[in-house]
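Peer 1: Have a look at this one.
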Amino acid sequence: MERYEPQRIEKKWQAVWEAEKAFYAQSPQPGKLSDEAPKSYVLEMLPYPSGTLHMGHVLVYTLGDILAHFRRRNGMNVLRPMGFDSFGLPSENAAIREGGHPREITERNIEAIRASMKRIGWAIDWDREISTHLPEYYKWTQWVFLRFFEQGHVYRANAPVKWCPKDQTVLANEQVKDGRCERCGSEVVSKNLEQWFFRITPYADQLLDDMDGLDWPERILAMQRHWIGRSEGAEVLFRIDELDVDVPVFTTRPDTLFGATFFVLAPEHELVERLDSDEMREYVRRGVAKKGEERAAAEQKTGVFTGWHATNPVNGERIPIWVADYVLPDYGTGAIMAVPANDERDRQFAETFDLPIREVIDEDGALVNSGEFDRLPAEEGKQRIIGSLADQGRGRAAVNFRLRDWLLSRQRYWGCPIPIVHCDECGPVAVPDDQLPVVLPEIEDYMPKGVSPLATAEEWVNVDCPRCGRPSRREVDTMDTFVDSSWYFIRYCDPDNTEAPWDRELADFWGPVDQYTGGVDHATMHMIYARYFCKALTDMGLLGYREPFLKFFGNGWVQMGQVKMSKRAGNIVGPEQLVEEFGADPVRLYILFIGPADEDMEWTEGGLEGMRKFVRRLWRVVHEVVERAPEGEPGDGPLARKTHETIARVTDDLGRRYSFNTAISAVMELVNELSPRPGDPAARFAAESAVSLIQPYAPHVAEELWERLGNERLWAAPWPVVVPEMLERDTFQLVVQVNGKVRDRVEVPSELSEDELIEKAKAAPRVRAMLDGQEIGQTIVVPRKLVNIVLAKENSP
Ligand code: ANZ
Ligand code: ZN
């Protein structure tokens, strides 16, 4: 018998697939779309080419591969593309680390990743590859941006922004982790800048409501729900006599309004600027620099009294106004009414500064010390107090969201240029569509410097206003890389289109993505931004669906020493060496065998040898079957039954449960039972099934063995089908009596209930005729043995 030589057979089959374009999607012709096979769009998040592949990538793309193979072999027309998220901080930072130009480093990494992907044998439609840094892609990112701009979905505003002093750039809230820059770990400071924003907040309710229709894991939905953070309550106006202004607060507990004993402004609140003491200035400076989470959570509350007072609209009480950094500037109105009896943070503050605490809700949940509202249950009290405030024009029911508009501009070089020209007369003007792309200029020094490096490209910057012709300047900021990845899944549907970003008919044919797979670190930002784009584009008439990702599978982390494998953590294991040594198939199998794919897993190479042994065993057994197994019907013996059981388990694991490790175990069990007796007439059936079931994981060796079993094109062969009766295990011979006399015997599964046994007995061939037209008096069941049917007296034969 030949040895199992992964290097040889993997090359062989990869060449065949390439030559036959086995995994390239059939794009229907626009205008006459065919829908013969149901379409299935299978996608994994595209990689940042900021390094080369590691085992985390191997997990994600093997997962996608399995799902794509499974769907294709279940008769679906599968689209499974790949691309590179090649603009943005990850790639630029990699270039800075390595001291090269971002384009060179990025393109070198893309080459290397693509080669690895081909070497691992992932079934990808390479005709559709995109890279977001190429002008033929970002031309359309700019086009899409301009549609948002025209519709008022994009605006410019001066805003306090989070600034990373090391990267010299503004960060999105999401890129700040524990007050530090997510990329480099530097402490983030606050700074005021004119910035570009996507108006995502008007979509907050839709983003929440439409989650009902998504087949996503509950924990991912919960993360999005928290991110959007919808709170119902009221906005209440407090009067500040000293300043002659009304200040609104947002509260979720208007029922506690009588318990407000002080009032707090965030240090960033605009009114605070009117205070001119050194103490206040110093407090504000320190508070502003602190991390958001730390400010909110700190046990030891700090604050400074303003000398002002706010008037509570329900009882006219004047309460002191403090400035304290546990109140955050970017939530609600940046000011609160403090109710220390019911709010933990307010209580800590009151205890620290010796402020009064007044109970307004009793143990039974009814209002007390609340004037005319006393004794109302809290919920009713809420409504009545809101009603009373509304009557006086001092408040209204309000909904508040944690979600902020999306700050999209970056003062960095390696990103998509924002296609806007600033004119003194006309303001920000869109670059006309026929002048796109605005090409990213070549510059000497692309290092971050506080203003965008693009500002140094004088010739590029100075242009005439597209509207009035006056000398003007281009926008020098670039886009957040999340803009590029908010629409890439649409471009894959029509990647070569030079007239438009996509043909609507093609986009609607393939979209939305039926199966999306990726890391849960993108469960909020990327997956919220893409959902927002989808909704806004559909509202503009450019797309025909409101949700981009119908089903989502979030893979766990591949870790090394309990730390997520990543370039940043410096604990990368790449697949190259392992594929060289063990072959791609054992590596692919092993990464899914370590544990449940949606849980974190510790990478060790130890088990890889075992996986190679399994593949070799499969190889040997199949060869023995080819040589010695008799041809013929598999029959219904134990091996045939075991095979059907395995088909059922793997089908359920891949098609419904997404339990990828248990499917491998099931095939292993089958192969174990197969080995001792290849002479069984069912052996050939069992071997073919094992090969067929393992194909999504180990497509090369499966294809080779399939060929040796005398078949061809396993990648296109129908998925094995279960015969349900073969799943009924463990049968016994049921004796059927009529009036105490044995009339028939039938083979029945042992797990049947008494009622089911009676049905089987009545249906027994020689009994059925006897019962015709007879009334049954009684049935007696002896478990695992017999059923006696006693006919009603007068009709006894
Ligand atoms: C009075 C009150 C009494 C409150 C009570 C809560 C409990 P969620 O649920 O997260 O929406 N708040 C409002 N704006 C704030 C800000 N900028 N910084 C810090 N805290 C702020 O939280 C809403 C509650 O958080 C609001 O309701 C307000 O305190 C506080 F028993 O008002 B509450
Ligand atoms: Zn102009």
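The values are calculated or read from the model by the stated rules, or taken from the named source; none is laboratory data. As the structure is a computational prediction, the values presented were derived from the model and not from experiment. Here Cβ is always computed from backbone atoms with ideal geometry, including for glycine, and neighbour counts include all displayed protein chains. These area figures cover heavy atoms from the full protein model, side chains too; ligands, DNA and RNA do not enter into them. Shrake-Rupley method; radii C 1.70, N 1.55, O 1.52, S 1.80 Å.
Peer 1: For SER472, all conditions in the list (1) in a loop (DSSP other than H, G, I, E, B); (2) within 16 Å of ligand 2 (Cβ to nearest atom) hold save one; what is the number of the exception?
Peer 2: (1)
Peer 1: Moving to a separate point now. Would a scan of the range 66-77 turn up a residue that is closer than 19 Å to VAL701 by Cα, small (Gly, Ala, Ser) and buried (at least 16 other Cβ atoms within 10 Å of the Cβ)?
Peer 2: Yes, there is a match, as at least one residue in the range 66-77 is closer than 19 Å to VAL701 by Cα, small (Gly, Ala, Ser) and buried (at least 16 other Cβ atoms within 10 Å of the Cβ).
Peer 1: Under 7 Å by Cβ, and 6 or more places apart or on different chains, what pairs join a residue from the range 329-341 that is farther than 27 Å from VAL368 by Cα and within 16 Å of ligand 2 (Cβ to nearest atom) with one that is of a type outside the set (S, T, N, Q) and in a loop (DSSP other than H, G, I, E, B)?
Peer 2: none
Peer 1: Still on this model: Given the options GLU232, GLU268, GLU242, name the one that is part of a loop (DSSP other than H, G, I, E, B) and more than 22 Å from PRO160 (Cβ to Cβ).
Peer 2: GLU242
Peer 1: Condition first: in a loop (DSSP other than H, G, I, E, B) and either more than 7 Å from ligand 1 (Cβ to nearest atom) or more than 16 Å from PHE250 (Cβ to Cβ) (or both). Now tell me which residues in the range 312-328 satisfy that.
Peer 2: Within the range 312-328, ASN312, PRO313, VAL314, ASN315, GLY316, GLU317, ALA324, ASP325 qualify.
Peer 1: Sort out which residues of the range 669-688 are of a type outside the set (Asp, Glu) and open to solvent by 10 Å² or more (accessible area, probe 1.4 Å), and write them in order of number.
Peer 2: Within the range 669-688, ASN672, SER675, PRO676, ARG677, PRO678, GLY679, PRO681, ARG684, PHE685 qualify.
Peer 1: Looking at (1) within 12 Å of ligand 1 (Cβ to nearest atom); (2) open to solvent by 10 Å² or more (accessible area, probe 1.4 Å), which is the one condition that is false for ARG239?
Peer 2: Just one mismatch for ARG239, condition (1).
Peer 1: For a quick check of your reading of the model, give me the residue pairs whose first member lies in the range 401-428 and is in contact (Cβ under 8 Å) with a residue 12 or more places away in the chain, whose second is within 16 Å of ligand 1 (Cβ to nearest atom) and assigned to a strand (DSSP E or B), with beta-carbon atoms closer than 7 Å and at least 6 apart or on different chains.
Peer 2: Hits for this filter: PHE401/ARG230.
Peer 1: Additional query: I'd like to know if the range 409-427 contains one or more residues that are open to solvent by 30 Å² or more (accessible area, probe 1.4 Å) and away from ligand 2 (no atom under 16 Å from the Cβ).
Peer 2: No: the range 409-427 contains no residue that is open to solvent by 30 Å² or more (accessible area, probe 1.4 Å) and away from ligand 2 (no atom under 16 Å from the Cβ).
Peer 1: Test ASP636 against the criterion of being over 41 Å from the mean Cα position of the chain (by Cα), among the acidic types (Asp, Glu) and surrounded by fewer than 20 Cβ atoms within 10 Å (Cβ to Cβ), and give yes or no.
Peer 2: yes
Peer 1: Please count how many residues of the range 419-437 are farther than 23 Å from ARG199 by Cα and in a loop (DSSP other than H, G, I, E, B).
Peer 2: Residues flagged as farther than 23 Å from ARG199 by Cα and in a loop (DSSP other than H, G, I, E, B) within the range 419-437 amount to 4.
Peer 1: List the residue pairs whose Cβ atoms are under 7 Å apart, where the first residue sits in the range 366-385 and is within 11 Å of THR256 (Cα to Cα), the second is assigned to a helix (DSSP H, G or I) and open to solvent by 80 Å² or more (accessible area, probe 1.4 Å), and the two are 6 or more positions apart or on different chains.
Peer 2: PHE373/ARG384
Peer 1: Here are the criteria: (1) hydrophobic (A, V, I, L, M, F, W, C); (2) in contact (Cβ under 8 Å) with a residue 60 or more places away in the chain; (3) more than 16 Å from ligand 2 (Cβ to nearest atom). Tell me which single one LEU454 does not satisfy.
Peer 2: Among (1) hydrophobic (A, V, I, L, M, F, W, C); (2) in contact (Cβ under 8 Å) with a residue 60 or more places away in the chain; (3) more than 16 Å from ligand 2 (Cβ to nearest atom), the lone unmet condition for LEU454 is (2).
Peer 1: For residues in the range 458-469 being open to solvent by less than 60 Å² (accessible area, probe 1.4 Å) and closer than 10 Å to VAL421 by Cα, which is nearest to ligand 2 (Cβ to nearest atom)?
Peer 2: CYS465
Peer 1: Follow-up question, since we're still on this one. Kindly indicate whether any position in the range 708-722 is modelled with pLDDT under 95, exposed (fewer than 14 other Cβ atoms within 10 Å of the Cβ) and not in a loop (DSSP other than H, G, I, E, B).
Peer 2: no
Peer 1: Something else about it: Within the range 86-107, is even one residue open to solvent by less than 10 Å² (accessible area, probe 1.4 Å), among the charged types (D, E, K, R) and over 26 Å from TYR697 (Cβ atoms)?
Peer 2: Yes, that holds for at least one residue.
One line per residue, one yes/no per condition, for (1) out of contact with any strand residue (DSSP E or B) (no Cβ under 7 Å at 6 or more places or on another chain); (2) part of a strand (DSSP E or B); (3) of a type in the set (Ser, Thr, Tyr); (4) outside the structural domain of ASP391 (by TED's automatic domain parsing):
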residue	(1), (2), (3), (4)
LYS139	yes, no, no, yes
ASP167	no, no, no, yes
GLN195	no, yes, no, yes
ALA204	no, no, no, yes
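Peer 1: Mind checking which residues of the range 242-265 are open to solvent by 10 Å² or more (accessible area, probe 1.4 Å) and more than 11 Å from ligand 1 (Cβ to nearest atom)?
Peer 2: Matches in the range 242-265: GLU242, LEU243, ASP244, VAL245, ASP246, PHE258.
Peer 1: Would you confirm whether any residue within the range 331-339 is open to solvent by less than 30 Å² (accessible area, probe 1.4 Å), within 12 Å of ligand 1 (Cβ to nearest atom) and more than 22 Å from ARG239 (Cβ to Cβ)?
Peer 2: no
Peer 1: Of the residues ASP167, ASP127, ASP212, ASP178, which single one is touching a residue at least 12 places away in the same chain (Cβ under 8 Å), closer than 30 Å to GLN515 by Cα and charged (D, E, K, R)?
Peer 2: Criteria check complete, one pass: ASP127.
Peer 1: If you go through the range 112-166 one residue at a time, how many are more than 24 Å from VAL483 (Cβ to Cβ) and of a type in the set (Ser, Thr, Tyr)?
Peer 2: Number of matching residues: 1.
Peer 1: Just name the residue that is most open to solvent (accessible area, probe 1.4 Å) out of those in the range 199-218 that are in contact with a Phe, Trp or Tyr (Cβ under 8 Å, 6 or more places away or on another chain) and closer than 21 Å to GLY554 by Cα.
Peer 2: Ranking the candidates gives ASP215 first.
Peer 1: For the range 220-234, indicate whether the set of residues that are in contact with a helix residue (DSSP H, G or I) (Cβ under 9 Å, 6 or more places away or on another chain), touching a residue at least 40 places away in the same chain (Cβ under 8 Å) and aromatic (Phe, Trp, Tyr) is non-empty.
Peer 2: Yes, the conditions are met somewhere in the range 220-234.
Peer 1: Also: Suppose we keep only residues that are open to solvent by 10 Å² or more (accessible area, probe 1.4 Å) and among the hydroxyl-bearing types (Ser, Thr, Tyr) within the range 490-528. Which one would you say is farthest from the chain's Cα centre (by Cα)?
Peer 2: By that ranking, first place goes to THR498.
Peer 1: Among LEU389, LEU376, which is the only one that is modelled with pLDDT of 95 or more, surrounded by 21 or more Cβ atoms within 10 Å (Cβ to Cβ) and either in the same structural domain as PHE238 (by TED's automatic domain parsing) or in contact with a Phe, Trp or Tyr (Cβ under 7 Å, 6 or more places away or on another chain) (or both)?
Peer 2: None of the other options fit; the residue is LEU389.
Peer 1: In the range 395-418, which residues are assigned to a loop (DSSP other than H, G, I, E, B) and within 16 Å of ligand 1 (Cβ to nearest atom)?
Peer 2: Listed by number, the residues that qualify are ARG402, LEU403, ARG404.
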